1. Pairs, please: C-beta under 9 Å, at least 6 apart or cross-chain, first residue more than 20 Å from Val67 (Cβ to Cβ) and in the range 245-261, second hydroxyl-bearing (Ser, Thr, Tyr)?
2. Got at least one residue in the range 191-204 being closer than 16 Å to Ile321 by Cβ and modelled with pLDDT of 95 or more?
3. Out of curiosity, is Phe236 of a type outside the set (D, E, K, R), under 16 Å from the mean Cα position of the chain (by Cα), farther than 21 Å from Val311 by Cβ and part of a helix (DSSP H, G or I)?
4. Which numbered condition trips up Leu40, out of (1) more than 22 Å from Leu197 (Cα to Cα); (2) touching a residue at least 40 places away in the same chain (Cβ under 8 Å); (3) outside any helix (DSSP H, G or I); (4) not small (Gly, Ala, Ser)?
5. Output yes when any residue across the range 334-349 is more than 27 Å from Leu175 (Cα to Cα) and surrounded by fewer than 19 Cβ atoms within 10 Å (Cβ to Cβ), and no when none is.
6. Would you tally the residues in the range 1-23 being under 21 Å from Glu202 (Cβ atoms), surrounded by 16 or more Cβ atoms within 10 Å (Cβ to Cβ) and within 18 Å of the chain's Cα centre (by Cα)?
7. So which of Gly180, Gly171 ends up being out of contact with any Ser or Thr (no Cβ under 7 Å at 6 or more places or on another chain), in contact (Cβ under 8 Å) with a residue 40 or more places away in the chain and within 16 Å of the ligand (Cβ to nearest atom)?
8. Which of the residues belonging to the range 15-40 are of a type in the set (Ser, Thr, Tyr) and under 18 Å from Leu175 (Cβ atoms)?
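The values are calculated or read from the model by the stated rules, or taken from the named source; none is laboratory data. Quick caveat: nothing in here was measured; it's all calculated off a predicted structure. Glycine gets a Cβ as well: all are built from the backbone with ideal geometry, and neighbour counts include every protein chain shown.
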Amino acid sequence: AAYDAGEHDSFMRKEMLEQPSAAERVLRGRLDERFGTGHLGGLDMDARETRAIKRVKILGCGSAYYVGQMGASLVEELARIPADAEAASEFRYRNPVIEPDTLYVAVSQSGETIDTLLAVQEIRRKGGRVIGLVNVVGSAIARECDGGIYLHAGPEVAVASTKALTNMFLGFALLALQLGRVRDLSIADGKRLIAGLSRLPEQIQEILDGEEALAALATDLAGAESLFFVGRVRGFPVAREGAQKFKEISYRHAEAYQTSELKHGPLALISPEVPTIAIVPADELTDRNVAALHEIAARGGPLVVLTHADVDLGEVPCRRIDVPRSERELDPILLTIPLQLLAFHAAQVLGHDIDKPRNLAKSVTVE
Ligand code: AGP
């Protein structure tokens, strides 16, 4: 074949390992170090138009939707523009109000997902402006949008998306940086983020180099019938994406919750049979998150904690994964990578077809 998994046992593994180089490609030529901003040729919006944006609405399906949530946080934090993400598959059915001063962003690896494409068409029909964050050049969504950002992840074959998602996050970071720098993001913060972005490929590599320890942990998790993935604010879409990957290829029931919501219901399900994977970055919520870990541990729930080396988890019994630390706004993408490896190795232990999980297609092109 013109494109094959080469020496790798699966496309998913090949594509996970390609992430450092894919990340370099999406950033290449798009960082303006002098002004601490992003430089996106495909955006075609001058500073005045950019300043007139009152809201950013991100649309995607499945994992692209979850990364869209990470993107919304980036836009809101860096550009201070209200931003949110919505499942593109629902959007057109609720007769959405299309606002002229909203920037709509469609996010898709394949560029062919029918639900995302129809959302774009609904917006354009009502006179809204949509840009695309798309991997496949010349795809239907890329053609329908008013410009956008190509993700340059290279071909992605495995149904479970990995490198394209990472590049989606980086695309959103570039967009947020560019929007932020024509608004209130300082040049110092812009430069701080550019330095952070430039370090990411190396840090992703560092996580991939720790694959063996994650594989051992995945072997234990593969035995569980049901798992929780929890995180807060920036960490919540990370948990959603982690649960998504896990259920897609391991076929285990994996559910994502905001850590803060546990006590409002799901805590009833915590038991020694139900492991929780908790996202606990070093940030303004660390203490609250650690308190929640104690609640889980008190009910006998086995814990895996994705965190940073400088976080003090106290005496809480858990298996700890220290993830390299970036700038706090960029941490979500580094926290996502170990979750890919956990899902991958759990599925492998269970003997599943990693690249073609049952019931799923790489891109959903029919309604
Ligand atoms: C990702 O692992 C999934 N297979 C799936 O959720 C995917 O992200 C979704 O179907 C959207 O696909 P797209 O990015 O090609 O639009």
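1. Arg252/Ser226; His253/Ser226
2. yes
3. In short, no.
4. Every condition holds for Leu40 apart from (1).
5. yes
6. Residues in the range 1-23 being under 21 Å from Glu202 (Cβ atoms), surrounded by 16 or more Cβ atoms within 10 Å (Cβ to Cβ) and within 18 Å of the chain's Cα centre (by Cα): 9 in total.
7. Of Gly180, Gly171, the one residue that is out of contact with any Ser or Thr (no Cβ under 7 Å at 6 or more places or on another chain), in contact (Cβ under 8 Å) with a residue 40 or more places away in the chain and within 16 Å of the ligand (Cβ to nearest atom) is Gly171.
8. Once the filter is applied, which keeps residues that are of a type in the set (Ser, Thr, Tyr) and under 18 Å from Leu175 (Cβ atoms), the range 15-40 yields only Thr37.
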